[in-house]
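Trainee: One structure coming up, written as structure tokens, with questions to follow.
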Amino acid sequence: MKVTLIKGDGIGPEVISSACKVINAVCPDIEYDEVGVELKDDEPVIEPIISSVKKNKIGLKGPITTPIGSGFRSINVSLRKELSLYAGVRPAKSYDKDIDIVVIRENTEGLYTGIEYPVGNDAFCAVRVITKDACNKIVHFAFEYARKNKRKKVTAIHKANILKLTCGLFLDTARNIALDYPDIEFEDKLIDNTCMQLAKKPNVFDVIVTTNLFGDIISDLCAGLIGGLGVASGANIGDECAVFEPVHGSCPKYAGLNQANPIATILSGAMMLKYIGKNKEAEKIENAIISLLKKGVKTKDLGGNYTCSQMTDEIINELQI
Ligand code: NAD
């Protein structure tokens, strides 16, 4: 089995190296095809990644920095779009609280189309594209995910009271598709109310399905509920291939300092193992991490004093127990 490996930048190379060590401890037969991004005339060249993922069908990725306010468009967004990785799957499961939520985020359209233009002198417009096809795919994905993973409820999150056409289409589609899944409870909620309820009583949520920007924000909120971005894993899944990556970004303040929490990337690797049918190996990794966190073995972001490499070694040792 060959996996495309994209180390990314910032803390990416450190956390990806940790993930590969842990994955190799349970699955020594996995090989990696490492590819990166180069800049040509200040624009990123992503074709080598695209062709490698298309060939291998599966990728493990570290975070990649996007310039803020100006500069090139997000490489992360472009990869999801180019590879049709339409479903962002972001679990938020706590080891010590009653929280077990999975956010399913539409990954290819919404406000992330990058279409922005000036209107007059001092104003700009951003275009939010919502299509029936993408709504159908993401909502079906969420219900199938719920069924396969024995989940009880799907909640569609929207702002259809204000965004009547775009969120209206998403909500109508979700309501219609829900009729085909009588075994799974369905409800819908406004995004603002959802944020309040997530903060107050997160255990009422199970599977959340939503559009691109709302999913991006909600998944960070959910990461905060379970200890932070250092433990929030993720996957980008399409019909042809899948790329696994943590929810967090390149976290420049920890880059090169051996202080990043590698758990989010290691758990993304465990999601990858489940995706390729290695459930036992994935559960072994998850159980080792839960056991260590319960014993108080933690990195700085979780209030501990383990470095990235020490945490990685502890996880590998725990796998043997
Ligand atoms: P970030 O996720 O990199 O960091 C936000 C904060 O979360 C950090 O300051 C830190 O306190 C904490 N944190 C995140 N990951 C951690 C880890 N592994 N261990 C310990 N603490 C961790 O978000 P940001 O600073 O807003 O973004 C930095 C860059 O990353 C930006 O250029 C952004 O565009 C990019 N980004 C990339 C991806 C991706 O590659 N998929 C995702 C999000 C952000």
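Trainee: Return the calculated 222 nm mean residue ellipticity for the chain, to the nearest 500 deg cm²/dmol, obtained by summing -39500 (n - 2.57) across DSSP H runs with n ≥ 4 and dividing by the residue count.
Mentor: The helix contribution divided over the chain gives -12500 deg cm²/dmol.
Trainee: Another question, if that's okay. For Thr166, what is the net charge nearby, where nearby means another residue's Cβ is under 12 Å from its Cβ and Lys, Arg count +1, Asp, Glu -1?
Mentor: For residues surrounding Thr166, the net value is +1.
Trainee: Given contacts defined as C-alpha pairs under 8 Å and at least six residues apart, what's the relative contact order of segment 133-223, whole-number percent?
Mentor: 39
Trainee: Setting aside same-chain residues fewer than 8 positions from Lys54, which lysines have a Cα under 25 Å from its Cα?
Mentor: Those lysines meeting the cut-off are Lys2, Lys7, Lys21, Lys40, Lys81, Lys137, Lys274, Lys278.
Trainee: Apply the Karplus parameterisation 6.51 cos²θ - 1.76 cosθ + 1.60, with θ equal to phi minus 60°, to every residue of segment 53-62 and state each ³J(HN,Hα) to the nearest whole Hz, in sequence, with x for glycine and proline.
Mentor: Calculated HN-Hα couplings, in order: 5, 4, 6, 7, 6, 8, x, 10, 10, x Hz.
Trainee: Along Cα→Cβ, 7 Å out, is where each label goes; now give me the distance between the ones at Asn149 and Ser291 in nm to one decimal.
Mentor: Result: 2.4 nm between the two label points.
Trainee: Share of the chain's accessible area from carbon and sulfur, percent, 1.4 Å?
Mentor: 52
Trainee: Using Cα springs under 10 Å in a Gaussian network model of the chain, which residue among Asn24, Asn212, Asn261 shows the largest mean-square fluctuation?
Mentor: Maximum fluctuation in the GNM of the chain, among the listed residues, is at Asn24.
Trainee: While we're here: Counting only residues 5 or more places away or on other chains, whose amide H sits under 5 Å from the amide H of Gly8 once H atoms are built in the peptide plane?
Mentor: Correct list: Gly62.
Trainee: Another question about this same structure. Check Gly234: other-chain or 5+ apart residues with amide H under 5 Å from its amide H, H built from backbone geometry?
Mentor: Under 5 Å from the amide H of Gly234: Glu245, Val247, Ser268.
Trainee: Per residue of segment 121-128, in order, report the coupling 6.51 cos²θ - 1.76 cosθ + 1.60 (Karplus, θ = phi - 60°) as ³J(HN,Hα) in whole Hz, putting x for Gly and Pro.
Mentor: Listing the rounded values in order: 8, 10, 8, 9, 10, 10, 9, 9 Hz.
Trainee: Also: Could you identify which residue out of Lys153, Lys295, Lys164 has the top mean-square fluctuation in a GNM of the chain using Cα springs shorter than 10 Å?
Mentor: Lys295
Trainee: Going Cα to Cα from Lys97, which lysines come in below 18 Å? Please leave out same-chain ones fewer than 8 positions away.
Mentor: List returned: Lys200, Lys201, Lys294, Lys295, Lys298.
Trainee: Given points 7 Å out from each Cα along the Cα-Cβ axis, report the Lys40 to Glu240 separation in nanometres with one decimal.
Mentor: Those two pseudo-labels are separated by 2.0 nm.
Trainee: Using a Gaussian network model on the chain with a 10 Å cutoff between Cα atoms, which of Gly256, Gly296, Gly120 fluctuates the most?
Mentor: Highest fluctuation of the listed residues: Gly120.
Trainee: Taking amide H atoms as placed 1.01 Å from N in the peptide plane, list the residues 5 or more away in sequence, or in a different chain, whose amide H sits under 5 Å from that of Ile208.
Mentor: Val102, Val103, Ile104, Thr155
Trainee: Per residue, how much accessible area does segment 107-225 show when a 1.4 Å probe rolls over the protein heavy atoms, in square angstrom?
Mentor: Value returned for segment 107-225: 51 Å² of accessible area per residue.
The values are calculated or read from the model by the stated rules, or taken from the named source; none is laboratory data. These figures come from a predicted structure and were not determined experimentally. Cβ sites come from the backbone with ideal geometry, for glycine too, and all protein chains shown count toward neighbours. Just so you know, the surface numbers come from the protein's heavy atoms only, side chains and all, with ligands and any DNA or RNA stripped out. Shrake-Rupley method; radii C 1.70, N 1.55, O 1.52, S 1.80 Å.
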